[in-house]
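Worksheet: the structure to be examined is printed underneath.
The values are calculated or read from the model by the stated rules, or taken from the named source; none is laboratory data. It should be emphasised that the depicted structure is a prediction, and the values quoted were computed from it without experimental measurement. Using ideal geometry, Cβ is built from the backbone for each residue, glycine included, and neighbour counts are taken over all protein chains shown.
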């Protein structure tokens, strides 16, 4: 049996001030799976995602990507390239004067030369339908464009796992559908932290519910969403239109 | 002071905007420094440098009214600051205002300070009108400014827009609660808002830093842009620098 | 007139202040690189953006006047003196380039005033005051307020000195007008620095407490320097008020142009002063400023093992 692409074992984390955030989380994700991590605000979803590429260090248990431990060792930069993390606020991810520079930032850090990095950034922007805005600053983009741009800064490094934190926070229905189509077409392994059940239903095949830093449910998404009692108990609303 | 106009200028294709940003920066700086440091009374030299800026403005196809409008704010400040010269420079009084008198050397100095300021200012305004901030930053990087400074500026640029949005939101929220009546209350409000903005700036810096680390940041910001120098550009910059130098020497000779 | 526009400074002053500012900045870049942590670049970006944003807020001083934050003490107290000076330089530079707030040729002078005197000098004052009052949030805020007041006066005096050395305005009126204006602004700066640092200390003690309180041994130095400064100030005020012409005469002898009547056109001050005179004066001034700031910051930063 080959190791799962992402393996999280007995992961525990508490903040330096002692606030517990994660408690014995275990989760294995196979290549090509699309997993929704559901839960109300403060359930530990963002904290979990930030463990996938070593931004936060576990206080118990661990995370393995393609069988390699995520720790401060020399393999960390490789893991950070493999795990693409898209933050909740696109503004946190678009920090350079132009969009081009933002998108080329990852490849440049991976040692790609300026000419190739620029070429890859241009291709990436075109792929997401953002051609023509590369020279602009992020504050001149619309909310939807900014969300796509943040995604582009991560996709350009060709990650094998994409971890998205509340990707539809600032999108309307059409923007959401566009994102779903895009991600389904690309086929990266996905971990999507969200409380947007409509997004989860459209995008993912499996649902994991986090509550108080623990995994309280992990099953096929359709079955999970059909369990009204469970959704209600853990503060999740059922998807609109039902 | 507003800053939303800064990068809203469509760069008009012209010989000036074709030059690498570092050439534009060096050129404008040399004219500004040349004009600002003219010895008092060197009127012909000031006029010559002024003509040089005018020529560059025409070359860059920047509308003159726009240039003048953008100069007016800083110029008002210069006018205010230099008005004191009229009375503080001792000499023959030409206009007695009771307990102070406008003196002849005062008027001369006022006039010349103003002339120097206008020429230097117009060069600076021409630079920002024809150069977007990312290009300016690229020029500063090429001029070997400390890396800490250029990195801080790159990150500050985006952050500034975000902070200004938050600043406006905070002020609006405070006003909607009827805060800010009376100077003391306004002062408290402003200090509170500034403190809140500072905290948010640092909180965002921390999140941005995580986003940078997540994309492999190891402490160095690499640059993308490449500008090609052509022979005519080198010649143009050299000519400009030469003209400024000759003017400066003649003004002192 | 915290940001000197172009046109007010003479060539020697422009060159001298630029050289001095460049020297201090080179040192600062080297020092801050030695201490550069992974985290620091975004924090410095945030500090730079904050100073910009804060300078766009005008604070009413009463009687229809208003001023904005200079931020020298605030910034150096939070990010440290070397990085702080670089942040303040970045602000001066971009304000000159983008907003024409301060001239391009005057960037050196404005950096010397706002970053080196206001930031570095302000930090020395902060460190000295901290040494006098000791540990504690209230005391830290108080020390910062005192330092911000002193730092703003320092900026005012530097501006006045540069204007006088340039022969633009005689020294005494410059000191009275520019220094006096900064005296008023200093009150606002002190109040703002205290308010903002106080709020920051409450919310983020880790950031604002980055500057260590000097140990007792340094505290004695603090008292010594304070006494010396007060003594000098008293003597200088006495001399200046009884014999207003003494200082200008002294500057005249140095070759700098003071308050002599310019007389008829053609005998303008600059052409009459001895060849190289103002340049020598500028060079001497540069050396003195540099030695003072460098020595003072060294003194205020005893070898810390951590950080």
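Just to confirm my filter: which helices (runs of 4 or more DSSP H) fall fully inside the range B:7-96 and include at least 3 residues that are free of Cβ contacts under 8 Å to residues at least 40 places away in the same chain and in contact with a strand residue (DSSP E or B) (Cβ under 9 Å, 6 or more places away or on another chain)?
Answer list for the range B:7-96: B:85-88.
Looking at residue C:31 and the list (1) under 19 Å from residue C:116 (Cβ atoms); (2) modelled with pLDDT under 90; (3) facing another protein chain (nearest Cβ under 8 Å), which single condition is not satisfied?
Checking residue C:31 against (1) under 19 Å from residue C:116 (Cβ atoms); (2) modelled with pLDDT under 90; (3) facing another protein chain (nearest Cβ under 8 Å), the one that fails is (3).
Restricting to the range A:100-119, count the residues that are modelled with pLDDT of 90 or more, more than 7 Å from chain B (Cβ to nearest Cβ) and within 27 Å of residue B:205 (Cβ to Cβ).
Qualifying residue count, the range A:100-119: 3.
Go through (1) in a helix (DSSP H, G or I); (2) touching a strand residue (DSSP E or B) at 6+ places or on another chain (Cβ under 7 Å); (3) over 23 Å from residue A:146 (Cα atoms) and name the single condition residue A:210 misses.
(1)
Can you name every one of the strands (runs of 3 or more DSSP E) wholly within the range A:26-86 that holds 2 or more residues which are modelled with pLDDT of 90 or more and within 12 Å of chain B (Cβ to nearest Cβ)?
A:83-86
When you scan the range B:221-228, do you find a residue that is facing chain C (nearest Cβ under 8 Å) and within 30 Å of residue A:76 (Cβ to Cβ), even just one?
yes
Taking the conditions exactly as written (within 18 Å of the chain's Cα centre (by Cα), part of a loop (DSSP other than H, G, I, E, B) and either at pLDDT below 90 or surrounded by 18 or more Cβ atoms within 10 Å (Cβ to Cβ) (or both)), does residue A:175 satisfy them or not?
Judged against the criteria, residue A:175 is not a match.
Would you confirm whether any residue within the range B:166-183 is outside the structural domain of residue B:32 (by TED's automatic domain parsing), over 26 Å from residue C:200 (Cβ atoms) and in a loop (DSSP other than H, G, I, E, B)?
Among the residues of the range B:166-183, at least one is outside the structural domain of residue B:32 (by TED's automatic domain parsing), over 26 Å from residue C:200 (Cβ atoms) and in a loop (DSSP other than H, G, I, E, B), which makes the answer yes.
What residue, among those in the range C:83-97 that are more than 15 Å from residue B:137 (Cα to Cα) and more than 9 Å from chain B (Cβ to nearest Cβ), is farthest from the chain's Cα centre (by Cα)?
For the range C:83-97, the residue satisfying everything is C:84.
Would you check if residue B:172 is touching a strand residue (DSSP E or B) at 6+ places or on another chain (Cβ under 7 Å) and either surrounded by fewer than 17 Cβ atoms within 10 Å (Cβ to Cβ) or at pLDDT below 85 (or both)?
Numbers: touching a strand residue (DSSP E or B) at 6+ places or on another chain (Cβ under 7 Å): no; either surrounded by fewer than 17 Cβ atoms within 10 Å (Cβ to Cβ) or at pLDDT below 85 (or both): yes.
Taking the combined requirement at face value, the residue does not satisfy it.
For residue A:216, are the conditions met, namely being part of a strand (DSSP E or B) and over 16 Å from the mean Cα position of the chain (by Cα)?
For residue A:216, the condition - part of a strand (DSSP E or B) and over 16 Å from the mean Cα position of the chain (by Cα) - is met.
Report whether or not residue A:147 is away from chain B (no Cβ under 12 Å) and under 19 Å from the mean Cα position of the chain (by Cα).
Values: away from chain B (no Cβ under 12 Å): yes; under 19 Å from the mean Cα position of the chain (by Cα): yes.
Yes, satisfied.
Being at positive phi and within 11 Å of another protein chain (Cβ to nearest Cβ), is that true of even one residue in the range B:91-108?
Yes, the conditions are met somewhere in the range B:91-108.
For the range A:100-150, name all the residues that are crowded, with 17+ Cβ neighbours inside 10 Å, part of a loop (DSSP other than H, G, I, E, B) and without any contact (Cβ under 8 Å) to a residue 12 or more places away in the chain.
Result: A:112, single match.
Looking at the range A:186-196, which of the residues that are modelled with pLDDT under 90 and closer than 15 Å to residue A:31 by Cα is nearest to the chain's Cα centre (by Cα)?
My answer is A:188.
Tell me, please, whether a residue that is within 21 Å of residue A:44 (Cα to Cα), part of a loop (DSSP other than H, G, I, E, B) and in contact with a helix residue (DSSP H, G or I) (Cβ under 8 Å, 6 or more places away or on another chain) can be found in the range A:182-198.
yes
Just checking, does the range A:91-99 include any residue being more than 17 Å from residue B:158 (Cβ to Cβ) and surrounded by fewer than 24 Cβ atoms within 10 Å (Cβ to Cβ)? Don't jump to the end; show me each part of the working.
Residues of the range A:91-99 that are more than 17 Å from residue B:158 (Cβ to Cβ), as a first pass: none.
Taking every residue of the range A:91-99 in turn, none turns out to be more than 17 Å from residue B:158 (Cβ to Cβ) and surrounded by fewer than 24 Cβ atoms within 10 Å (Cβ to Cβ).
Can you name the residue in the range B:139-157 that is over 16 Å from the mean Cα position of the chain (by Cα) and in contact (Cβ under 8 Å) with a residue 40 or more places away in the chain and, of all such residues, is nearest to the other protein chains (Cβ to nearest Cβ)?
Only one residue fits best here, namely B:155.
Does residue C:119 meet the test of being without any contact (Cβ under 8 Å) to a residue 60 or more places away in the chain, buried (at least 23 other Cβ atoms within 10 Å of the Cβ) and assigned to a helix (DSSP H, G or I)?
yes
In the range B:194-219, which residues are more than 7 Å from chain C (Cβ to nearest Cβ) and part of a loop (DSSP other than H, G, I, E, B)?
Once the filter is applied, which keeps residues that are more than 7 Å from chain C (Cβ to nearest Cβ) and part of a loop (DSSP other than H, G, I, E, B), the range B:194-219 yields B:215, B:216, B:217, B:218.
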